[in-house]
Structure formats: C-alpha cells, structure tokens
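> Let me begin by handing over the structure; questions about it come next.
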Amino acid sequence: MLSFGTHCPRRARRLLSFTEMARARMIFGLSMNTGKDVNEGGFPYPWDATNARAILSWTIEHGLDHLLVGLELGNEQNTKYSAEKIAHSFAALHNLTLELWPDGARRPRLFGPDPHSLHDATGSQLEWIADFLRHCDALGVPVEGATHHEYIEVDPTAAGFTSPTRLALNAAIAAAVNHTVRSVSRTVGIWGGEIGPHNGGSPPCDHSSMRWAVFGDSFWYADALAAKARHGYAGFCRQ
C-alpha cells in the first residue's frame, strides 16, 4: 500500500470499483513499512497504523467497506520480525478494526502471516506460522486464515511439470502446513497466499519470466489445487 496521499483515494476507488463490478470482495493487504519508514529504509516496531487508519476510514466514509472481506498485514516479514512481534502488530490491527467497525458483522476478518516461500515440507516457516498463531491466541487476536507462500521450483519443461517428485511436493507441503496449523487451532482456515511452480522474477509477461509464463500450465495447477483441497485448504491464491 502506498503512503496515503493525494493519489491514493483515486487508486483505492478504482480498485474497489473494479472489485464491485466483478461482484467480488477482496482481502486487502496493508503494509508494515509505509510513509517515512519507506524513505528511511526501516522496518519499525511496533507497527504504525496511521496509514491503515487513513485508508480504511476513507473506505468506510465512502460506503465501500462492504467490499473488504478481510485484511492482511505485511508480506514475507519472517526474516525481519519474530512471530511474537508480528502477532503484536496484528493485535494493533485487530484493535483498529474494533474501533472502525463496532458492528462485528461488518468487520473484515484477519489473514496472515504470509512468510517467505516454502520450497519443501520442512521449512523453518512452519514453526514460525505456529508461533504466530499461538501468540495471536494468547493476545486474543482472531485469525480467520493462516497464510503462507510456496514455490517448489519446477523445471520449466514439459517433463518438469509432470515430474512425480515435483508433483508429490504439492501434497507433502499441504500436509505439513495442515499439521502445523491444526497443532495450534482446529478452526483457523488454511490459505495459500501465493502458490506457484516457479518463483520466477519480475515482468515482462512473457516466456522469459517464469513467474507469469507458467500460469497457464493447467496440469500442474490442477494437481496443486487438488492436493491443497485434500489437505483442508480454504483458499488457493496465485498473485
């Protein structure tokens, strides 16, 4: 999210209008590093909710908050913050939502913590997710969905996308994440915040950038969707 300034309302309105025209609702990602912190290159703690308050208040004032089904906070921050610190930042966000939405029926749900990508079923991110959920529970922070990122680095060839060992990782990681989340909570949803066969890079959107070019490989995605569904995922996202 950009620092809330003169251009942000225009962009926010366009994004929310697109969501409404698509007859959808969004999970809106809030940054942990905005305004002066971006300019100074810092990652502050505790989280400064000033920008979040501004854009969420603007959304409510313009009668568009019904389009927000949920909120995320931060992106791949597990190398910068402990799970406990992230949970405290989520507590600040939860308190902000209680203030802005007194009616619990209209209040967006919370999703997180989106750690860096899992490449196999033994990543340190798993325990970080579990610790985050434990600390959220201790702080009374309701988490609707536990999210993670995942790129298993499939070779960009026909053989790569049908490799039994690569396909097996779809289910193995799903099982590991399910075990991790369920060891802490029986009710928190499990969400793949970003899942793909190859981490790739930045645009251009062509064969030179595997992040985008492999999106059309339906066989791999069909297997990944089935594996996640089998292991209890509530959502599968590819950013």
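> Against the longest alpha carbon principal axis of the chain, how many degrees, from 0 to 90 and to the nearest 10, is the axis of helix 50-61 turned?
Approximately 80 degrees, to the nearest ten.
> Right, next: Explain nothing, just the number: relative contact order of the stretch 47-157, from Cα pairs under 8 Å at least 6 residues apart, as a whole percent.
Relative contact order comes out at 31 percent.
> State the percent of C-alpha pairs, over all pairs in the stretch 98-210, separated by a distance greater than 20 angstrom.
It works out to 50 percent of all Cα pairs.
> Short version: what are the Cα gyration tensor semi-axes of the stretch 73-148, square root of 5 times each eigenvalue, largest first, in whole Å? The partial results should precede the final answer.
Numbers: eigenvalues 116, 27, 21 Å².
They are 24, 12, 10 Å, listed from largest to smallest.
> How tilted is helix 218-230 with respect to the longest principal axis of the chain? Cα atoms for both, answer in degrees (0 to 90, nearest 10).
Computed tilt is about 70 degrees.
> Still on this structure, I have one more. Quick check: at a probe of 1.4 Å, how many percent of the accessible area of the chain sits on carbon and sulfur atoms?
54
> What order do you get for 16-29, 107-120, 138-151 when each peptide is scored by the mean count of other beta carbon atoms within 10 Å, highest first?
With the highest mean Cβ count within 10 Å placed first, the list reads 107-120, 138-151, 16-29.
> What accessible area per residue, rounded to a whole number of Å², is obtained for the stretch 60-182 using a probe radius of 1.4 Å?
Numbers: 5100 Å² over 123 residues.
For the stretch 60-182, the solvent-accessible area averages 41 Å² per residue.
> The chain: Rg/Rh from Cα coordinates, Kirkwood Rh?
0.97
> Then there is this: Got a sec? Charge dipole of the chain, +1 on Cβ for Lys and Arg, -1 for Asp and Glu; which of 91, 121, 9 is way out at the positive end?
The residue sitting most towards the positive pole is 9.
> Let me have the 222 nm mean residue ellipticity of the chain computed from DSSP H runs of 4+ only, each contributing -39500 (n - 2.57), with the sum over all residues rounded to the nearest 500.
-13500 deg cm²/dmol
> Same structure again: Measure nothing but the geometry: give the 0 to 90° angle between the long axis through the Cα atoms of 164-182 and the longest principal axis through the Cα atoms of the chain, rounded to 10°.
Helix 164-182 and the main axis of the chain meet at about 40 degrees.
The values are calculated or read from the model by the stated rules, or taken from the named source; none is laboratory data. These figures come from a predicted structure and were not determined experimentally. As a convention, Cβ positions derive from the backbone with ideal geometry for all residues, glycine included, and neighbour counts pool all protein chains shown. These area figures cover heavy atoms from the full protein model, side chains too; ligands, DNA and RNA do not enter into them. Shrake-Rupley method; radii C 1.70, N 1.55, O 1.52, S 1.80 Å.
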